[in-house]
Every structure is written in C-alpha cells, then in structure tokens.
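Peer 1: Dropping a structure here in structure tokens format, bear with me for questions.
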Amino acid sequence: MLEGRIYNFSAGPSMLPEEVLLRAQKELLNCEGSGMSVLEMSHRSKVFDNIINATEANVRKVMNVPDNYRILFLPGGASGMFCALAMNLGNHSGAADYIISGNFSGVAYKEGKKYLKDARVAATSEDENFSYIPKQEQLVLNPDADYLHVCWNNTIFGTTFHYMPETGNVPVVADMSSSIMSEPVDVSKFGMIYAGVQKNLAPAGLALVIVREDLLGSEMEITPKIWKFGMQAEKNSMINTPPCFNIYMVKLVTDYLLEQGGLEAMKARNEEKAKILYDYLDSQDFFKSTVRPEDRSMMNVCFRTGDEALDKEFIAGQAAHGFSNLKGHRLVGGMRASIYNAMPKEGVEALVAYMKEFAAAH
Ligand SMILES: *Cc1c(COP(=O)(O)O)cnc(C)c1O
C-alpha cells in the first residue's frame, strides 16, 4: 500500500485498487489526449463515446455476458433500480416474488410493492435476524410472477446465495451490489443482474444493469424516461447526461480486472482472503461468526465477541492499527470486515493479527 493509506474495511463506498486511483489521477487533467478531464467533457464527445463503449465491452468480457443481454449504466444506484425493476419487468402479470434475506432485499420488496399489483414474499430469514439464506425447499413461488428478486450477497448481514433458485420459466433478478465481479457468475441463468457500483467497481451513484433483451420494452406507462431500460439500451445509456466519471471509473477497474486475470483470478484471491478470516474465527471462541457457516459471504465478514463493551473497545483500537470502518451495521452489531476485490491479503492478515492480540489481552 502507498504511504499514508490505511486498510479501509468499509462496506461501501469502499477501497479501489491503487493502480486504478493512480491512473485516474494521471489522466485527470488530460484524458486520452483531449486536453480536458473526463469530469469536464461533453458526454456527446467522441472521447467519451469511446469510453462508454469500451466500458461496456470490458463488462461483457469480464463477466462473459451473452449477446442477448444488454448492459446499461443508469443513475440512481441500486436503490433506484429497486423501483425501475418493478416498473420495467413487472408489467405483464404485475406479480413478482421476493426472497427477503436481509435489509436491502426488504427495501427492494417495499419499493417494488408500490408499483406491482401483487408483490409476494417467497421466503424470509427474518426469524433468525437474517443469519441464513432461505433454502430452495422453503421458497413459495408464484408460477405467474414476472420475476423472482434475490439479493445475492447480503452486505449488512454477511450471507451469500450459494445456490441458484429454481423458478421454472420465471426470470431471476439479482441485486449483486456487494459481490459483482468478485467471482465468475453464469449470467445466462439470470433475467437481470444489477449493482450499485460503489462496493467493487467505482464511486457511488451509478447502477450497472445487465438485462436479457426479451425482457425489455414492456415497461409501465409511469416509468421515468431515464429509467426506461429499453429506451436506455437504444440510446447507449445516454438519454440524459450520464454519470460520466463513474462510468470511466468502471472502465479503469475492469481494465485492471482483465490485466489481473479476470474473475477466476479474483475468485482465487477472494477465497484466500476470506479463508484467512473464517479459519481464524473457526479456530477459537473469543470472536463468533454471526451467520450459518454454509451461507457465509466472501465479501462481508460479520463477527462479535458477545460482549458489547468488548466490541466497542475492539473498534476503538482500529485506527491505531491502521484500519477503519470495522464497526458492524446497527442491525447486527459487533464488527464487519468488508473485504472486496481491492482489499489486499495483507490487510486481512493484519486484521487477524489484531484480533489475536486483542483476544490474548482479554
Ligand atoms: C449498498 C447496497 C445497496 C444500496 O446501493 P445504493 O447505490 O446506495 O442505492 C443495495 N443493495 C445492496 C446489496 C447493497 O450492498
């Protein structure tokens, strides 16, 4: 890590690779020989057109997106998509199913319900404070639903889907905000994948949407123009001025991912990092994992001591060890270490060393 930087375990916005930040810095005053910054550039310029097309090509390559899927860059982050999804995909039967496996999937359901005729909860793990992912056998699915919504990785609670829900012909829509590009996924199994980009890809405010072409073009009348997926697909995500800098940052991050060997390489790295932390958690009983082992997230690792005063003391000591943002979300308490693509292995090792030192001292 560069001098003066610290291991930032924030759940989002979160760390970006230093190589990417340095490249953005270098190109900031003069982007691609244009004599101006991407921050100052017309979105109708040739230079920006090249940037957005290259970003899309990169996303397609990194995630191996099939040709019958469109890639959109939309304003409003993941929360905007909670609404846009219902308005764009929920206009056939007007019914949709939601698996509630955490906070964001609950918000997605509440937002979708405003626009859908028949939003249903297919399953929820609220009974155990979202410490697990509902299993296939628990799902009550509506065969007429326009889609099933899942939150693939539960950022706040630290759980992940390790199975693909079977829905027959009903498209599965996944919020992958906190796991996007952390490992390969088979895009063809999903009707739509979307992500707020601030966890693993870029600065906040932009949503990346990957949507199957045949699901476009049947949106509700009330859909805001800037969120009409079909129209945005036609207009190359530029109905209005898009978040140009964020899109450019997605380009730099995906350039970086390709250089690093793509998502297979990221998966290997992320597995190695998560294993260091979970192996330690499993090896002692001072710190406790807050989730079922089979549903553990590779990106967000939640743990606590069981004593709120000790948790507080642990968090208070983070700055002195060169860490930040280890405090868990208030819905879970305790600690949370978010270890996205850009968190180096050394950061996780340093955290485990601090945990050992703290446990020994108490
Ligand atoms: C962070 C996050 C969101 C919210 O993203 P915004 O871009 O702030 O709207 C939604 N879903 C998940 C899974 C998240 O991690």
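The values are calculated or read from the model by the stated rules, or taken from the named source; none is laboratory data. What you see is a predicted model; the values in this text were computed from it and never measured. Cβ coordinates were reconstructed from backbone atoms using ideal geometry, including for glycine residues, and neighbour counts include every protein chain displayed. Only protein heavy atoms, including side chains, enter the accessible area calculation; ligands, DNA and RNA are left aside. Shrake-Rupley method; radii C 1.70, N 1.55, O 1.52, S 1.80 Å.
Peer 1: So if I take the alpha carbon set of segment 201-293, get Rg, then get Rh from the Kirkwood formula, what is the Rg over Rh ratio?
Peer 2: 1.16
Peer 1: Over segment 1-145, give the accessible area per residue in Å² for a 1.4 Å probe, as an integer.
Peer 2: Value for segment 1-145: 48 Å² per residue.
Peer 1: Need one value: the accessible area of Leu16 in square angstrom, 1.4 angstrom probe, rounded to the nearest 10.
Peer 2: Surface open to solvent at Leu16 totals about 30 Å².
Peer 1: Calculate what fraction, in whole %, of the accessible area of the chain sits on carbon and sulfur atoms when a 1.4 Å probe is rolled over the protein chains.
Peer 2: 50 percent
Peer 1: Let me ask something additional. Going down the list Lys225/Lys267; Lys189/Lys288; Lys113/Lys251; Lys46/Lys225; Lys114/Lys267; Lys117/Lys189, which pairs span over 32 Å between their C-alpha atoms?
Peer 2: Cα-Cα > 32 Å for Lys225/Lys267; Lys189/Lys288; Lys113/Lys251; Lys114/Lys267; rest within.
Peer 1: Could you give the radius of gyration (one decimal) and Dmax (whole number) of the Cα atoms in segment 96-158, in Å?
Peer 2: Values for segment 96-158 (Cα only, Rg and Dmax): 11.1, 31 Å.
Peer 1: Considering only the chain, what is the antiparallel percent among its DSSP beta bridges, to the nearest 5?
Peer 2: Of the beta bridges lying entirely in the chain, close to 55 percent run antiparallel.
Peer 1: Report the equivalent ellipsoid semi-axes for the chain in whole Å, largest first, defined as the square roots of five times the eigenvalues of the gyration tensor built from alpha carbon atoms.
Peer 2: 33, 28, 16
Peer 1: At 18 angstrom or more along the helix axis (alpha-carbon based) and mean Kyte-Doolittle of 0.0 or higher, what helices does the chain contain? Whole DSSP H runs only.
Peer 2: Long hydrophobic helices here: 244-259, 345-361.
Peer 1: A further question follows. Considering only DSSP beta bridges with both partners in segment 148-224, what is the antiparallel share in %, to the nearest 5?
Peer 2: The antiparallel fraction comes to roughly 50 percent.
Peer 1: Within the set of other residues whose C-beta is less than 12 Å from the C-beta of Gln260, count the net charge using Lys and Arg as +1 and Asp and Glu as -1.
Peer 2: Taking every Cβ under 12 Å from that of Gln260, the sum is -2.
Peer 1: Project the alpha carbons of segment 1-85 onto their principal axes and report the range along each, largest first, in whole Å.
Peer 2: Dimensions of segment 1-85 along the principal axes of its Cα atoms: 45, 36, 25 Å.
Peer 1: Right, another one. What is segment 244-292 by shape, rounded, prolate or oblate, if you read a ≥ b ≥ c off the alpha carbon gyration tensor as root eigenvalues and call it rounded for a/c under 1.5, prolate for a/b larger than b/c, and oblate otherwise?
Peer 2: prolate
Peer 1: With viscosity set to 1.002 mPa s at 20 °C, what whole-number translational diffusion coefficient in µm²/s follows for segment 45-160 from Stokes-Einstein and a Kirkwood radius over Cα pairs?
Peer 2: Rounded, D is 135 µm²/s.
Peer 1: If exposed GluC sites (Glu not before Pro) are those in a DSSP loop with at most 16 other Cβ within 10 Å, what is the longest stretch of the chain that has none?
Peer 2: By the stated rule (loop sites, at most 16 other Cβ atoms within 10 Å), 222-362.
Peer 1: Positive end of the charge dipole of the chain (Lys, Arg +1 and Asp, Glu -1 on Cβ, about the Cα centre): tell me which of Tyr115, Phe287, Leu141 has its Cα farthest that way.
Peer 2: The Cα lying farthest towards the positive end belongs to Tyr115.
Peer 1: Within the set of other residues whose C-beta is less than 15 Å from the C-beta of Leu29, count the net charge using Lys and Arg as +1 and Asp and Glu as -1.
Peer 2: Net local charge, Leu29 excluded: -1.
Peer 1: Another question about this same structure. Roughly how many debye, to the nearest 20, is the charge dipole of the chain about its Cα centre, given +1 on each Lys and Arg Cβ, -1 on each Asp and Glu Cβ, and no other charges?
Peer 2: About 680 debye.
Peer 1: Oh, and also: Can you tell me what the convex hull of the Cα atoms of segment 248-362 projects to on average, as an area in nm²?
Peer 2: 8.1 nm²
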